[in-house]
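Everything below concerns the one structure shown next.
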Amino acid sequence: MLSIFKRGQVERRSKILIVGSSGVGKTSLRHRYIKGNFRNEELMTIGMEFDSTDLEINGTTLKLEIYDFAGQEAFQIQKKLLKNVQGVIIVCDLTRQETLFSVRSWVDKLFELSPKLRAPFIVAGNKTDLEFERQVSADDVLQMISAILEDRDVTTRSMEFMETSAKSGRNISEMFETLGREILEEYYP
Ligand SMILES: Nc1nc2c(ncn2[C@@H]2O[C@H](COP(=O)(O)OP(=O)(O)O)[C@@H](O)[C@H]2O)c(=O)[nH]1
Ligand SMILES: [Mg+2]
């Protein structure tokens, strides 16, 4: 979206969606990135919330609008929400294996609603700080991603895996920067 002109400068805005099962840490990841801290209580997202922040990449400012919504079930996503989405983060909780399986259902749902979706994807394996409770290995996630990408209905330009912790801050800014860079390459080359 090349929309707003500010002092002669083009502002590049980008809508990013964070999805994943309930409790995986979607709101915490957004909160950690925007506010720089971690809240230990459950942040009950009602409906949909978004924050925005400016990201500088090689002299270009990209305004990230980061949407995170409560939706335990993929079917709660609506088509209109996917309009103009330029980046997707699917979060799984590395301490709960079933949340990895749900990554697949999120992908299926997103492409069912928006078959031509070209947005770059990141699969975030969150809660790396809970290393003794970990049930999902990096290999498990990578295998899931290759299985998903083999599906010819998936049109994303890329799907990257990153291990994160909203609690420790691990890979949080790296994740949003990686996505921001992908978005610039895809939409503002
Ligand atoms: N140890 C740990 N707990 C986390 C992490 N991220 C989120 N949580 C906790 O997991 C619970 C669910 O997080 P929340 O952000 O509300 O998940 P959401 O439902 O996906 O938005 C909360 O109790 C958070 O404090 C993390 O990286 N490490
Ligand atoms: Mg939430």
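The values are calculated or read from the model by the stated rules, or taken from the named source; none is laboratory data. Predicted model only: the values in this text are computed from it and were never measured. Counting neighbours? That spans all protein chains shown, and the Cβs are built from the backbone with ideal geometry, glycine included.
In table form, for the structure just shown:
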quantity	calculated
Any hit, the stretch 169-178, residues being away from ligand 1 (no atom under 14 Å from the Cβ), more than 14 Å from the chain's Cα centre (by Cα), within 17 Å of L17 (Cβ to Cβ) and not basic (K, R)	no
Strands (runs of 3 or more DSSP E) fully within the stretch 76-189 counting 2 or more residues that are within 16 Å of ligand 2 (Cβ to nearest atom)	85-93, 121-126
Selected residue (only one of F161, F101 is over 15 Å from the mean Cα position of the chain (by Cα), farther than 15 Å from L17 by Cα and surrounded by fewer than 20 Cβ atoms within 10 Å (Cβ to Cβ))	F101
Count of the stretch 19-33 residues which are among the aliphatic types (A, V, I, L, M) and farther than 12 Å from Y67 by Cα	1
Residue check for I4: hydrophobic (A, V, I, L, M, F, W, C), modelled with pLDDT of 90 or more and within 21 Å of Q86 (Cβ to Cβ)	no
Residue match in the stretch 67-87 (condition: at pLDDT 95 or above, of a type in the set (D, E, K, R), under 19 Å from I172 (Cα atoms) and touching a helix residue (DSSP H, G or I) at 6+ places or on another chain (Cβ under 8 Å))	no
